[in-house]
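Below: one structure, written as structure tokens.
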Amino acid sequence: MVATTVDSISDSGPGVDESIVARAAQRLITAAETRRTCAPLRDGLISPDDVATAYRIQERFNAARVSPEVTVVGRKIGATSQAVQQQLGVDQPDFGVLFSDMAYSDGDVIPIDRLLQPRAEAEIAFVLGEDLAEGPLDIDQCRAAVAEAVAALEIVDSRITDWNISFADTVADNASSGLYVLGTERRTLDDFEPVDVAMSMRIDGEEVSTGNGAACLGDPLNALSWLARQARTFGEPLRAGQVILSGALGPMRPLHPGATVTAAISGLGTVTASFTTASEVSQ
């Protein structure tokens, strides 16, 4: 069972070899640029549980993406539900960065060619109204910092062939980030409790995933509190205006060209996206 509180990420080794960081990050950068998946990083580069090195690789991988046109707009929390941990073969959450070119709106048609091995998850997104940089960063503080909650689809992806990942692999690969889609209904936390939501996700009309708020580290606000502490520890605190994907409410499911995925989250309505080839999008 997933714990309702999670300790800080521990440094799993005495130091980080920057030459390894550079080689591993380049493996991921090449995979992203060539649209060809790569071998796991634990294949000759890092051990499966070397978390400290994995986050350094993530930093370097993400730095290659930032440009005047592509900026950081938030964070994502991964592997928050027991179902997803079992699917990925990991036993703790991780986090990654959201970039401006990952964002889509409800109902958008998305070129699946942007992705390598896409899978869909349904979750609650929080939009922060205040920084989460000082203080205890507990649930009460996090609740007060949330301006709005919104239904979200996270389209996770992996640069690593066949999703053959260890915890260190997914951390390094920006927590297997792909894209995200936000719904149109916005709610304050005065209007509903994230822990009480029920979720149903459908692909092409067939229900493929169900879950609830308690599946996300016991409460999506637990996940936000965990992330706030990790982000501060890593020197990049959460800031007002950022979008935070709080983690899956149920199992993730693979997507195919032509798929339409819809998530319904009680209290937040629905969010939908369709996935097709780039040539079809342009028609």
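The values are calculated or read from the model by the stated rules, or taken from the named source; none is laboratory data. Here the structure is a predicted model, which is why all the values come from computation and not from measurement. Neighbour counts are summed over all protein chains in view; Cβ atoms, including those assigned to glycine, are modelled from backbone coordinates with ideal geometry. Areas reflect the complete protein model, heavy atoms only, side chains present, ligands, DNA and RNA absent. Shrake-Rupley method; radii C 1.70, N 1.55, O 1.52, S 1.80 Å.
Points to keep in mind about this one:
- Lone unmet requirement of (1) open to solvent by less than 10 Å² (accessible area, probe 1.4 Å); (2) farther than 30 Å from residue 48 by Cβ; (3) of a type in the set (S, T, N, Q) for residue 184: (1)
- When the stretch 23-38 is limited to residues that are open to solvent by less than 30 Å² (accessible area, probe 1.4 Å) and either assigned to a helix (DSSP H, G or I) or touching a Pro at 6+ places or on another chain (Cβ under 9 Å) (or both), the one that is farthest from residue 98 (Cα to Cα) turns out to be 24.
- Among residues of the stretch 57-68, those that are of a type in the set (D, E, K, R) and modelled with pLDDT of 95 or more, counted: 2
- Subset of the stretch 48-62 (residues that are closer than 14 Å to residue 169 by Cβ and of a type in the set (Asp, Glu)): 49, 50
- Close pairs from the stretch 115-130: first within 16 Å of residue 225 (Cβ to Cβ), partner surrounded by fewer than 21 Cβ atoms within 10 Å (Cβ to Cβ) and polar (S, T, N, Q), Cβ under 7 Å, at least 6 apart: 128/242
- Within the stretch 54-82, residues that are on the phi > 0 side of the Ramachandran plot and free of Cβ contacts under 8 Å to residues at least 24 places away in the same chain have Cβ atoms under 8 Å from residues that are assigned to a helix (DSSP H, G or I) and open to solvent by less than 10 Å² (accessible area, probe 1.4 Å) in no pair, counting only partners at least 6 apart in sequence or on another chain.
- When 200, 176, 209 are checked against the criterion of being of a type in the set (S, T, N, Q) and on the phi > 0 side of the Ramachandran plot, 176 stands alone in meeting it.
- Pairs are defined by a Cβ separation below 6 Å, a sequence spacing of at least 6 or placement on different chains, a first member in the stretch 152-173 that is under 23 Å from residue 112 (Cα atoms) and in a strand (DSSP E or B), and a second member that is open to solvent by 10 Å² or more (accessible area, probe 1.4 Å) and of a type in the set (A, V, I, L, M); the pairs so defined are 152/182.
- Residue within the stretch 92-99 that is at pLDDT below 95, touching a Leu at 6+ places or on another chain (Cβ under 8 Å) and either open to solvent by less than 40 Å² (accessible area, probe 1.4 Å) or within 23 Å of residue 35 (Cα to Cα) (or both) present: yes
- Listed by position, the helices (runs of 4 or more DSSP H) enclosed by the stretch 39-148 that each have at least 1 residues that are under 17 Å from the mean Cα position of the chain (by Cα) are 51-63, 82-88.
- Lone qualifier among 31, 52, 83, 39 - being among the aliphatic types (A, V, I, L, M), in contact with a strand residue (DSSP E or B) (Cβ under 8 Å, 6 or more places away or on another chain) and at pLDDT below 95: 83
- Looking only at the stretch 123-147, and only at residues there that are open to solvent by less than 40 Å² (accessible area, probe 1.4 Å) and in contact with an Asp or Glu (Cβ under 8 Å, 6 or more places away or on another chain), the one that is farthest from residue 232 (Cα to Cα): 123
- Residues satisfying the stated conditions in the stretch 132-188, i.e. touching a helix residue (DSSP H, G or I) at 6+ places or on another chain (Cβ under 8 Å) and hydroxyl-bearing (Ser, Thr, Tyr): 158, 170, 176, 177, 180
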